[in-house]
Amino acid sequence: MSFNPQFARLGEVLIHEGFITEDQLKEALLKQNNFGLKIGETLIKLGHLSESNLLKALHLQLGYEIVQQQEMMDLDVNIVKLIPEQFAVENKVIALRDEGDLVVVAMTDPENLMVIDSLKKTIGKNLKTMLIGESLIHDSLEKYYKSIRTTTQVEDAVGGFDFVAIDEDENEISISAASADADAPIVKLINLIINEAIKANATDIHIEPLTKHTRIRFRVDGALREVMNPPVGMHMGLVSIVKVMSKLNIAERRLPQDGHIALKTQYKSVDVRVSITPTVLGEKVVMRLLDKGEFGFKLTTLGFEADDMKIFGKVIRRPYGIIIVSGPTGSGKSTSLHAALKTIQDIETNIITVEDPVEYRLEGVTQIETKEQIGLTFGSALRSVLRQDPDIVLIGEIRDEETADIAIKFSLTGHLVFTTLHANDAPATVTRLIDIGIKPYLVGSSLSLVMAQRLMRLICPYCKTDYKPSEQELSDCGITPEEATKINFKIGTGCVHCDNTGFSGRTGIFELLTVNAEIRRIIYEGGNQDLIREAALRAGMRTLHDAAMTKMVNGLTSIREVIKMTIVE
């Protein structure tokens, strides 16, 4: 007798299709009640079943069409709005399209007749139901209802705005009323911008004036994305509110200003560093969001390859010397150093940091934040640190000869020093120290390790697909056509889960230069960075490009990201 999935239980269908074994089903049936989940969800939680295979089995059993990723990309929010958000989230259902006499909806449980009856009454039309996966509907509901909420809130704020024409000689828009009235439209809008940025895990907010509107962008995973465009008439009001919040001079519009805001939202506490710069169209605001919560990273999650992890883990446990992490702003230098401190921290060690600003809080570590306006500079703070009996010192950044000189003296008097420096790669970091004014023999004697790093975006796992790079891309990446045949290139096509970017999350790439006897001799003799690089490569250093290529070969990132982030030597 042939197997008919429509008359079988889900477990039987899954076994028949080879998606699970009988033993796995028995285990799930035993644990199902403990989890309070359906059998399919239980199997996924136990790691025995993928969501896509569960959907295939439900399709065979129930006959409903499966909603594909691409179908969820450009839904009409007016159709989505037909179902109230609370009902949609509680019952895992979303409206896809209106086909005249009926509305197509996607559900994780298309057999739930009570939900279908309620929907028919709410929408006032017949329904066609389709089957959708848990993760896809979760991210789709988050995306579309967030868009509906944000649009409504922006419309509310903009709707209450009294548009006025202002010439260049006119005084600043009066915001005294706006500051006092929490319901004022501009106050509502700035609250919305900051809250949405925090929810999106953005690191920066850009508020910039254009000719016809103000552009609001968030930096998420290292890339800027546009989120809203309020009218340009609101721009001066937005800037003024930010100035009031950061205690800056409202009347000064010709010079750059820097300030900071301490915020406590319903999600978390954040420290906001504010930079305001005059442009030809008006003042541009950039706000950097620093999470004031407990530091949550570990060395093992930063993206180190096994060999590099072994080297770094060994060097950070040395009793003295200098460890420098180099790279541009936003390349994860502070994260790596704080993760290193967290790894080696113990009750017997006194760790002191001097930072500007303190980006991460580390429990059990003495952290000092510099305040230039009252004379607490890196130099003065570090001189006082030496009287605090430290074992390990973290210097937020070497900015000048004074800071570098103190760091060298710390290391030569038996302290382990962690610090950062702006340089393009590891060999260039060594010569940069000498350029600052430190004698080569002191650099050679004190330096233990230089680590250059960058952050690369990871391909979204939900829309990852095979990719055939162009000849130009292969050439730019230094890959021959023969080598390309052995690599399985991947790319993210963009989906609901990754906000159509094709990327989700970031990982570090690292270039570790351990200062051995040969490199120390080259530094003593005043050798340039090319000689240092050649010696480091002979000693087994993996370049940033090599590290990026490893991530690409392992299918974690794309060839385009490798070209964007690294240079072929």
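Using a 7 Å offset from the Cα along the Cα-to-Cβ direction at both residue 85 and residue 22, what is the distance between the two label points in nm, to one decimal?
5.0
Would you mind calculating the gained length between residue 191 and residue 122 on full extension (0.36 nm times residue separation, minus the Cα-Cα distance), in nm to one decimal? Provide the component values of the computation, followed by the final result.
Details: separation 69, 0.36 × 69 = 24.84 nm, distance 3.26 nm.
Between residue 191 and residue 122, full extension yields an extra 21.6 nm.
Calculate the spin-label point distance for residue 201 paired with residue 309, positioning each point 7 Å from the Cα along the beta-carbon direction, and give it in nanometres.
2.0
Per residue, how large is the accessible surface of the range 283-390? Use a 1.4 angstrom probe and give square angstrom. Write out the running numbers ahead of the final one.
Numbers: 5370 Å² over 108 residues.
Here the per-residue accessible area is 50 Å².
How many angstrom separate the Cα center of the range 59-121 from the Cα center of the range 295-320?
After rounding, the separation between the Cα centres reads 47 Å.
So what are the three principal axis dimensions of the range 417-569 from its Cα atoms, in whole Å, longest to shortest?
So the three principal-axis extents are 54, 33, 20 Å.
Tell me, for the chain, which Cys residues have no other cysteine's C-beta sitting closer than 4.7 Å.
By the Cβ distance rule, which asks for a partner under 4.7 Å, the isolated cysteines are 477.
Residue separation times 0.36 nm, minus the C-alpha to C-alpha distance between residue 9 and residue 262: what's the value?
Values: separation 253, 0.36 × 253 = 91.08 nm, distance 5.61 nm.
Separation in residues times 0.36 nm, less the Cα-Cα distance, equals 85.5 nm.
Evaluate the distance, in nm, between pseudo-label points positioned 7 Å from the Cα of residue 148 and of residue 374 along their respective Cα→Cβ axes.
5.0
Express the Stokes-Einstein translational diffusion coefficient of the range 306-379 in µm² s⁻¹, to the nearest whole number, given a Kirkwood radius over alpha-carbon pairs, 25 °C and a viscosity of 0.890 mPa s.
Values: Rh = 14.0 Å.
Approximately 175 µm²/s, per Stokes-Einstein.
At 222 nm, what value in deg cm²/dmol follows for the chain if DSSP H runs of at least 4 each add -39500 (n - 2.57) and the sum is divided by all its residues, to the nearest 500?
Details: 23 runs with 225 residues, N = 569.
Result for the chain, helices only: -11500 deg cm²/dmol.
For residue 500 and residue 424, what does the FRET efficiency come to when R0 = 30 Å and r is the distance between their Cβ atoms, rounded to the nearest 0.05?
Numbers: r = 32 Å, r/R0 = 1.06.
With a Förster radius of 30 Å, E is 0.40.
Can you compute the FRET efficiency between residue 537 and residue 468 using 1/(1 + (r/R0)^6), with r the Cβ-Cβ distance and R0 = 25 Å? Round to the nearest 0.05.
Once the sixth-power term is evaluated, E becomes 0.20.
Which order, highest average first, do 217-228, 15-26 follow once you tally other Cβ atoms within 10 Å for each residue and take the mean per peptide?
The densest-packed peptide leads the list: 217-228, 15-26.
Leaving out ligands, DNA and RNA, and with a 1.4 Å probe, what % of the accessible surface on the chain is carbon or sulfur? Before the final figure, lay out each step's value.
Numbers: 14240 of 28530 Å².
Its accessible area is 50 percent carbon and sulfur atoms.
Given a 1.4 Å probe, how much area per residue of the range 452-569 is accessible, in Å²?
Numbers: 5790 Å² over 118 residues.
For the range 452-569, the solvent-accessible area averages 49 Å² per residue.
Kindly provide the Kirkwood hydrodynamic radius of the range 279-349 in Å, to one decimal, from all pairs of distinct alpha carbon atoms. Write down the numbers at each step before the final one.
On the way: mean 1/r = 0.0673 Å⁻¹.
Taking the inverse mean of 1/r over all distinct Cα pairs, the range 279-349 comes out at 14.9 Å.
Within straight cross-link reach of residue 298, meaning Cα distance under 21 Å, which lysines are found once same-chain residues fewer than 8 apart are removed?
268, 310, 314, 333, 342, 551
Given N residues in the chain, what is its alpha carbon radius of gyration divided by 2.2 N^0.38 Å? Walk me through the intermediate numbers first.
Details: Rg = 28.4 Å, N = 569, 2.2 N^0.38 = 24.5 Å.
After normalising by residue count via 2.2 N^0.38 Å, the value is 1.16.
What number in nm² do you get for the range 330-489 if you take the convex hull of its Cα atoms and divide its surface by four?
Numbers: hull surface 55.6 nm².
Result: 13.9 nm².
Between residue 111 and residue 45, what FRET efficiency comes out of the Förster formula 1/(1 + (r/R0)^6) with R0 = 22 Å and r the beta carbon distance, rounded to 0.05?
According to the calculation, E is roughly 0.55.
The values are calculated or read from the model by the stated rules, or taken from the named source; none is laboratory data. Nothing here was measured: the structure is a model prediction, and the numbers come from that model. Don't worry about glycine lacking a Cβ; one is built from the backbone with ideal geometry, like all the others, and counts go over all protein chains shown. For accessibility, only protein heavy atoms count, side chains too; no ligands or nucleic acids. Shrake-Rupley method; radii C 1.70, N 1.55, O 1.52, S 1.80 Å.
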